[in-house]
1. Quick one: THR142 ticks every box in (1) within 30 Å of MET25 (Cα to Cα); (2) open to solvent by 30 Å² or more (accessible area, probe 1.4 Å) except a single one, so which number is it?
2. Quick check on LEU52: is it open to solvent by 10 Å² or more (accessible area, probe 1.4 Å), part of a strand (DSSP E or B) and over 25 Å from ARG133 (Cβ atoms)?
3. Go through region 198-244 residue by residue and tally those that are open to solvent by less than 10 Å² (accessible area, probe 1.4 Å) and touching a Lys or Arg at 6+ places or on another chain (Cβ under 6 Å).
4. Taking the residues in region 250-269 that are acidic (Asp, Glu) and without any contact (Cβ under 8 Å) to a residue 24 or more places away in the chain as candidates, determine which candidate is most open to solvent (accessible area, probe 1.4 Å).
5. Just give me the residues in region 257-291 being among the charged types (D, E, K, R) and within 16 Å of the chain's Cα centre (by Cα), in sequence order.
6. What strands (runs of 3 or more DSSP E) completely inside region 92-188 contain at least 2 residues that are at pLDDT 90 or above, more than 22 Å from the chain's Cα centre (by Cα) and over 16 Å from LEU258 (Cα atoms)?
7. Mind listing whichever residues of region 226-249 are modelled with pLDDT of 95 or more and of a type in the set (A, V, I, L, M, F, W, C)?
8. When both residues are 6+ apart or on different chains and their Cβ atoms are under 9 Å apart, which pairs have a first residue that lies in region 151-171 and is in contact (Cβ under 8 Å) with a residue 24 or more places away in the chain and of a type in the set (D, E, K, R), and a second that is open to solvent by less than 100 Å² (accessible area, probe 1.4 Å) and in a loop (DSSP other than H, G, I, E, B)?
Amino acid sequence: MYTDISDFVDVIIGLGGRPGLDPPMLAAVSSVVLAALRDELGKEDSSRVRLLDARVAVRNPTRMIAELLRFADDHPHQPVLLVSEPMWPGRSPAEYSTLVQTEALCNVALRECTATVVCAYHVPVVDGVAVHREVVRDAARTHPIIIGTDGEPWESLRYTEPVALARACLHPLPDAPPSACERVFGATDLYGLGQFVIGAGAHAGLLGDRLQEFKLAVTEVASELIAHNGPSGQLRIWVERGTLICELYAREELTDPLAGRRPSKDAPHGLELANELCDLVQIDAHPSGTAVRLHTSIQSGP
């Protein structure tokens, strides 16, 4: 956690080492931190790291694990430094709960990687008190070690078993509104399901390529749920605060907590593809069933 950007950049540089920035570093951070990092690294050093704007790369928090794993896979048999700053002002409640779920699952996904992982949280302090107490509390639940604003590391006594915490973060999802359109789907009905989504999306004002991408994401997730969770499922679709939301539900549990989060070696499909195409993907998997919610902003359309 940091309050001063220059101090945080010094921490990153210190972990990366100079000259040469060994180990290789991926930093998905805010634009302000990116600018400070580039200034500190200079052209020669900055070319040896991968710098990403977090608001683009991990706007959908469920994508974050794949971004980190891809970089680690690009440097096999070599330690890497992974820095992410996934939280910023303006995150919606749905994004925030999904972010906490993802932060918990990072502990599972990166367990086999030779990596130093730093999850950065900008925590403003007013009169000696952290402004975003909920963020501080949840960071302590998802991280075994916390580096405080004073730069000192300490073991988190609130650290929670990651899979159990990930299951609890989104369950139960808020109810869909009564106005939501519903449809049952099966393996032989994916084309009709896609046309249903096209109609509902167009009616909501989502047009062009984004509508086609949303339809593709929905049908790919439906196909994956059917393949792993039984012969049929239920779809609900609605508009909420300028966002088109589609929920797909199957009665069986999706047992892999990292489903859709690991990068595939071939072309992505199912949940992984949805993570690439949608603004937010929420996965609520429990023994009673699996619900996947896909969100895409209508205002971002052409």
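1. The one condition THR142 does not meet is (2).
2. Yes; evaluated as a whole, the condition is true for this residue.
3. Residues that pass the stated criteria total 1.
4. Here is the first cut: in region 250-269, the ones acidic (Asp, Glu) are 252-253, 256, 266.
Checking which are without any contact (Cβ under 8 Å) to a residue 24 or more places away in the chain leaves us with 256, 266.
Numbers: ASP256: 61, ASP266: 125 Å².
Ranking the qualifying residues of region 250-269, first place goes to ASP266.
5. Of everything in region 257-291, those that are among the charged types (D, E, K, R) and within 16 Å of the chain's Cα centre (by Cα) turn out to be ARG261, ARG262, GLU272, GLU276, ASP279, ASP284.
6. Hits in region 92-188: 153-155, 181-186.
7. LEU235, ILE237, TRP238, VAL239, LEU244, ILE245, CYS246, LEU248
8. ARG167/PRO257
The values are calculated or read from the model by the stated rules, or taken from the named source; none is laboratory data. Because the structure is predicted, anything quoted here is derived from the model rather than measured. Glycine gets a Cβ as well: all are built from the backbone with ideal geometry, and neighbour counts include every protein chain shown. With ligands, DNA and RNA removed, areas are computed over all heavy atoms of the protein, side chains included. Shrake-Rupley method; radii C 1.70, N 1.55, O 1.52, S 1.80 Å.
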